[in-house]
Each structure stands twice: as structure tokens, then as C-alpha cells.
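The values are calculated or read from the model by the stated rules, or taken from the named source; none is laboratory data. This one's a predicted model, so the numbers in the text were calculated from it and none came from an experiment. Ideal geometry is used to build each Cβ from the backbone, glycine not excepted, and the neighbour counts take in all protein chains shown.
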Amino acid sequence: MTVTLTVRAMADAEYAIWGGMRTKLWPDCSEAENQADLAAFKSGQGALKIVLLALAGDEPVGFAEIGERSVVDSCGNDPAAYIEGWYVEPEFRARGVGGALVAAAADWARANGYSYLGSDVEVDNVVSQHAHKALGFIESGRVVNYRMRLK
């Protein structure tokens, strides 16, 4: 059975669907943090510019959150579109859904005047690193982040 894959901008009525998938991508994100991010996007006050949903038939199977960053390594001095979140339901991975989301993100970025599409991956997430490279991303460096709690 062939399923038609569609990638499109998320509709207002789909915030709960997006929120449910965000919880799967970031299980340590609290419900309050998730709701704050959803509200910020809905109000237009957040960093995200667009949320793309991937649907297999009518079933939501993935999303990509695209924001803008003023500084992205190796992208010159102009702002770049940035994949802030990218998720595909496990049973739909390695079936072209992630690539379709990235292609739609790149199309959106081009149409909105961006010269680059950036992304990042945790150092130990080798699967995502391979996916990025397979889709045409070029690694521009590695970073180890540190923090100091200030009271």
C-alpha cells in the first residue's frame, strides 16, 4: 500500500499534534515549557518562524520547526534559517519523511530570502549526524558546551 506524503505549514488546529510530537523529541521538556513554546509561536512572539508538518495520508508523522538565527557558524554575516526541532515518528523513519521535511524547510528558507539553512546535532547522536550529511548538510565544527550556575 502506497501512502501519499505531504509536507505543509501547520494549521492552527494542529497545535496539540505538534505538542505531542515535541514531547517525544524532547522528553525532558516539561509540559509548562512546551505550552510556553506553543503559546509563543502562536502569538508570533517566539523565535520560530514556521512549523512544518509531515502527513502520511491524513496521519501526522513528523515535524520541523524553523527559526532564524542571527549568527550561524560558517554562514557569513547574514541571518540564517535554522532547524530548531526535527522529528519523525519511529515507524516512518528511513522512509523519506525526514528528507521531505528538510526539503520543505530549504524551500521555505529560499523563498524567504535566506542563503543558508543551519541545524545542530548532539555529539553522541550519530544517527542524526548521518541523516544530516545524507541530506546535504556540511559539518562546520564541533562544540562542547559548559555552564556555571550563578545564584
- Item | Close pairs from region 86-104: first over 12 Å from Leu55 (Cβ atoms), partner of a type in the set (D, E, K, R) and surrounded by 21 or more Cβ atoms within 10 Å (Cβ to Cβ), Cβ under 8 Å, at least 6 apart | Trp86/Glu65
- Message: Six or more apart or on different chains, Cβ atoms under 7 Å: show the pairs whose first residue is in region 10-39 and closer than 19 Å to Val61 by Cβ and whose second is in a loop (DSSP other than H, G, I, E, B) and among the aliphatic types (A, V, I, L, M).
- Response: Trp18/Met10
- Item | Tally, over region 59-79, of residues that are part of a loop (DSSP other than H, G, I, E, B), of a type in the set (A, V, I, L, M, F, W, C) and modelled with pLDDT of 75 or more | 0
- Within the group Ala105, Ala54, Ala109, which residue is in a strand (DSSP E or B), surrounded by 20 or more Cβ atoms within 10 Å (Cβ to Cβ) and not aromatic (Phe, Trp, Tyr)? Ala54
- With respect to the numbered conditions (1) closer than 23 Å to Lys133 by Cβ; (2) outside any loop (DSSP other than H, G, I, E, B), which one is the sole condition not fulfilled by Ala94? (2)
- Message: Any residue at all in region 132-140 that's under 17 Å from Ala64 (Cβ atoms), modelled with pLDDT of 90 or more and among the hydrophobic types (A, V, I, L, M, F, W, C)?
- Response: yes
- Message: Conditions first: (1) modelled with pLDDT under 90; (2) within 13 Å of the chain's Cα centre (by Cα). Leu101 passes all but one, so which condition is the exception?
- Response: (1)
- Query: Tally time: how many residues in region 112-151 are part of a helix (DSSP H, G or I) and not small (Gly, Ala, Ser)?
  - Reply: 6
- Message: Taking the criterion of being in a helix (DSSP H, G or I) and either at pLDDT below 90 or among the charged types (D, E, K, R) (or both), would at least one residue in region 1-9 satisfy it?
- Response: no
- Message: Tally up the residues in region 10-23 that are surrounded by 11 or more Cβ atoms within 10 Å (Cβ to Cβ), part of a helix (DSSP H, G or I) and in contact with a helix residue (DSSP H, G or I) (Cβ under 9 Å, 6 or more places away or on another chain), please.
- Response: 5
